[in-house]
Amino acid sequence: MAQANRTNWRNVITIVSIMILIGTEVFGIAVAAGWAVAGLFELGDPVSYVLMVLFSLLGVYIMLGLWRRSVAIEPLTE
């Protein structure tokens, strides 16, 4: 019989903590960059919101790459 994989909770807690810490910074920078670029070029509020969303999508892509690399280094199962 095949043995079921056990969850390595130490690695799970480590990766979740990293994702919260880095994610907060990435999305904070994304929103601030959208607001700053729109303000710098006086593009108005609607364009500001669009830039915030676009930079946030870039942040999601960055976080997905971080997740993949983190799980490759610290496997969630044994």
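Annotations
- Listed conditions (1) in a helix (DSSP H, G or I); (2) modelled with pLDDT under 95 are all met by Ala2, apart from (1).
- Residues within the stretch 11-36 that are over 29 Å from Val47 (Cα atoms) and in contact (Cβ under 8 Å) with a residue 40 or more places away in the chain, tallied: 5
- Considering residues of the stretch 52-76 that are closer than 21 Å to Asn8 by Cα and in contact (Cβ under 8 Å) with a residue 40 or more places away in the chain only, the residue surrounded by the most Cβ atoms within 10 Å (Cβ to Cβ): Ser70
- Residues satisfying the stated conditions in the stretch 30-49, i.e. closer than 17 Å to Met63 by Cβ and surrounded by 15 or more Cβ atoms within 10 Å (Cβ to Cβ): Ala30, Val31, Ala33, Gly34
- In the stretch 19-78, the residues that are within 30 Å of Asn5 (Cα to Cα), among the hydroxyl-bearing types (Ser, Thr, Tyr) and assigned to a helix (DSSP H, G or I): Tyr61, Ser70
- When restricted to residues that are surrounded by 14 or more Cβ atoms within 10 Å (Cβ to Cβ) and over 27 Å from Ser56 (Cβ atoms), the stretch 1-29 contains 2.
The values are calculated or read from the model by the stated rules, or taken from the named source; none is laboratory data. Computed from a predicted model, the values in this text were never measured in an experiment. Note that each Cβ is placed from the backbone with ideal geometry, even for glycine, and that neighbours are counted across all protein chains shown.
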